[in-house]
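Have a look at the structure below before the remarks.
Values in this text are rule-based calculations from the coordinates and carry no lab data. Given the structure is predicted, the values throughout are model-derived calculations rather than measurements. Glycine gets a Cβ as well: all are built from the backbone with ideal geometry, and neighbour counts include every protein chain shown.
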């Protein structure tokens, strides 16, 4: 609407050299913020908080699929370690058995008859 009225946006800035608050004078260097460093710190904080939420199994829209996926992988690893046959582990267990059979065959010098 402002454009239709001929009002153009403009950028306004303030170049502060010092600030005064409650008897304390702050220099310009204290008030300077490095935007790149601030964004990097914010990204690190977000990533770390997501890691903590996943570690403590805090369910939220952002963490639920990651937590369920980790639980699935852990359960599958336990099943494989315990030689428990499930629909998800049987193919890998058969492949492992075949690899062991071929290794034994090779070390025993058994040829096809």
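When the gyration tensor of the stretch 20-83 is built from Cα positions, what are the square roots of 5 times its three eigenvalues, in whole Å, from largest to smallest?
Numbers: eigenvalues 423, 27, 17 Å².
The three semi-axes for the stretch 20-83 are 46, 12, 9 Å.
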Legend entry - Nearest 10 degrees, 0 to 90: helix 90-107 Cα axis against the chain principal axis: 60
Inset, instruction - May I ask for the distance between the Cα centers of the stretch 53-99 and the stretch 9-47, given as a whole number of Å? - result: 47
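Let me check against my output: what whole-number percent is the relative contact order of the chain, with C-alpha pairs under 8 Å and at least 6 apart?
Working: 32 pairs, mean separation 9.1, N = 113.
Relative contact order of the chain: 8 percent.
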Legend entry - FRET efficiency for residue 42 and residue 72, using Cβ-Cβ distance with R0 set to 22 Å, rounded to 0.05: 0.10
Legend entry - Degrees separating the helix 64-81 axis from the principal Cα axis of the chain, which is the longest one: 20
Inset, instruction - Sticking with the crude label model, points 7 Å out along Cα→Cβ, report the distance from residue 99 to residue 64 in nm, one decimal please. - result: 3.6
Legend entry - With Cα atoms, 0 to 90° folded angle of helix 35-55 axis to the chain main axis: 40
